[in-house]
1. May I ask you to evaluate 6.51 cos²θ - 1.76 cosθ + 1.60, the Karplus curve with θ = phi - 60°, for each residue of the range 40-52 and list the ³J(HN,Hα) values in order in whole Hz, giving x for glycine and proline?
2. Scan around ILE167 for amide H atoms under 5 Å from its own, H built in the peptide plane at 1.01 Å from N, and keep only partners 5 or more places away or cross-chain.
3. With N residues in the chain, what two-decimal value do you get for its Cα radius of gyration over 2.2 N^0.38 Å?
4. Quick one: accessible surface of ILE205, probe radius 1.4 Å, all protein chains present, in square angstrom to the nearest 10.
5. Fully extended, how many nm does the chain gain between LEU300 and VAL49 (0.36 nm per residue separation, minus their Cα-Cα distance)?
6. Taking the range 1-90, which GluC sites (Glu not before Pro) meet the DSSP loop condition and have no more than 16 other C-beta atoms within 10 Å?
7. Using θ = phi - 60° and the Karplus relation 6.51 cos²θ - 1.76 cosθ + 1.60, list the HN-Hα couplings for the range 123-131 in order, rounded to whole Hz, with x at every Gly or Pro.
8. Excluding ligands and nucleic acids, what accessible area in Å² is computed for ASP199 using a 1.4 Å probe, to the nearest 10?
Amino acid sequence: MNVRGRSIGFQDAFKKEYGLGRENWAEARRRVRDAEGKAENAPRIIEMVQAHPGIIRAGELIRQQRNIRNNKGDLIREDMGMGLEPAGNGRRAGQFLGAIAADLTQDTSRGFYWLLNALQATGAVGAELAYGRARPDLFDVSPVLDDAGNKIRKGSNEELARNKGLIDYEGRTRRGVRLRSDGDGDRPYYVKQNYSPGDVNSLLIPSGIAINAGLGLMAPFGGIAGYEAAVPSKDDKSKTDNVLAEVGAKYILGRTGNLLPYDEFVKVRPDVSKAEYNAYKAFKYDKEGDFDISDGDIGLPTGVLKFTTEGIHGPELMMLGRGLPVTTGVIPYAASVAGTVAGVKTNRPIRGGLIGGLAGLAAGQVVGNLIEGERRRRNKAENESYGEL
């Protein structure tokens, strides 16, 4: 093959791949899930993985190297004109470089960071994966049956299909409804999402409350003990004069107030010594990488993710400056997720999941607060014995 031929093949494949947008990949993802008998919606992290060009191309290449054929996703993308380019003539190199270039301009990979760059979001992703794995049919579809238990097929009984909410008066399918074929020449039949996406998302309420409470975002009238309000009053920085602004700052922006000066802080947190207070502030604002756990602290460079075993809240995970204590945050979160997972396994998964999640949340908060209360009591007694308070 001459150099000019390789150049043309490379350029053509690069241009073709670069021209594919997010909606093209999202459409391909939806078609693949439909072919697999699943609903369009899935846990958010799964949706992103299933529509990420680089991940998809790498999978296609691995399957080709292993001679794995008839993969539904590969076949569907080929039918859509989005398949893996043939080897040789520079086309595959052009395709992969086009995918990288498109990723950079469309922020595809950075979307993972945007999804996970807050503890609330990371917690939601983990909870979704947990209950989605425990109850996969939350993200599946099922055939719609008539009173005799037969599949309702397109064109067989339009009045019944309309009465069942499957089509509108022009014969178009309504939300959550798709047509599927048996592949045997019969008319396609209607399938519908087992559960509405909004109802499934409601299962995130218990774990969301757990994390937001642990971060100090559930206090509408000011800061939690030892902290300023997000929108502090001039007279008392631990309180706010504007509840709406306080709630907005916490709910929309995820903001919490700063630590009160030690003289004020110790009035509500008498278990913390001045040395512990200063050490915690140093940990909180330290942006250097720390991989030596022997001192009780560990963290990634820039301070994006850190952990301490001896903070003013006990063991604490910190992401981008937002701290989640293990006792009053992680334990309630884990308990709420466990409760949700147990609840979705019942006959009424949405109701059961919410009840189970809220019950787990309540139990986790009680246990976490008891542990934290005892930790503070012991810490105060120890500091008093050393004369640090």
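The values are calculated or read from the model by the stated rules, or taken from the named source; none is laboratory data. Given the structure is predicted, the values throughout are model-derived calculations rather than measurements. Cβ: placed from backbone, ideal geometry, glycine included. Neighbour counts: every protein chain shown. Remember, those area values only see protein heavy atoms, side chains included, never the ligands or the DNA or RNA. Shrake-Rupley method; radii C 1.70, N 1.55, O 1.52, S 1.80 Å.
1. Once rounded to whole Hz, the list reads 5, 7, 8, x, 4, 5, 5, 4, 5, 5, 6, 10, 9.
2. ARG162, ARG174
3. For the chain, the normalised Cα radius of gyration comes out at 1.28.
4. Near enough 80 Å² of accessible area.
5. Length gained, LEU300 through VAL49: 87.9 nm.
6. GLU36
7. x, 5, 4, x, 5, 4, 4, 5, 6
8. Accessible area of ASP199: about 80 Å².
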